[in-house]
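Accompanying notes for the structure given below.
Laboratory data are not the source of any read-out in this text; all were calculated from the coordinates shown. Just so it is clear, the structure is predicted and the values come from calculations on it, not from any experiment. Cβ atoms come from the backbone with ideal geometry, glycine included; neighbour counts cover every protein chain shown.
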Amino acid sequence: MKFLKPGDPCPCCGNPIKTTDPQDLYALTVLADWIERHRSSDGREEAAE
Ligand SMILES: [Zn+2]
């Protein structure tokens with residue numbers, strides 16, 4: 001997964017990320033990764049794995 005950095009679009013609201021706190025950036029990165037997995041699973045998350 002690619003790490004988000006300040007200025008990237010926020011996964012929850014789409015605004016540019018303002019925080020420079022590494023823990024906040026990590027949390028947003030995990031959230032973005034989770035959202036991406038669910039999008040790409042195309043509603044078939046039960047069948048995956
Ligand atoms: Zn946000």
inquiry  = Quick check on my filter: what residues within region 12-30 are on the phi < 0 side of the Ramachandran plot, near the ligand (Cβ under 10 Å from one of its atoms) and either assigned to a loop (DSSP other than H, G, I, E, B) or touching a Ser or Thr at 6+ places or on another chain (Cβ under 7 Å) (or both)?
reply    = Cys12, Cys13, Asn15, Ile17, Lys18, Thr19
task = Scan region 16-31 and report the pairs whose first residue is touching a residue at least 12 places away in the same chain (Cβ under 8 Å) and polar (S, T, N, Q) and whose second residue is more than 10 Å from the ligand (Cβ to nearest atom) and assigned to a helix (DSSP H, G or I), with Cβ atoms within less than 7 Å and a gap of 6+ or a chain change.
result = Thr19/Leu25
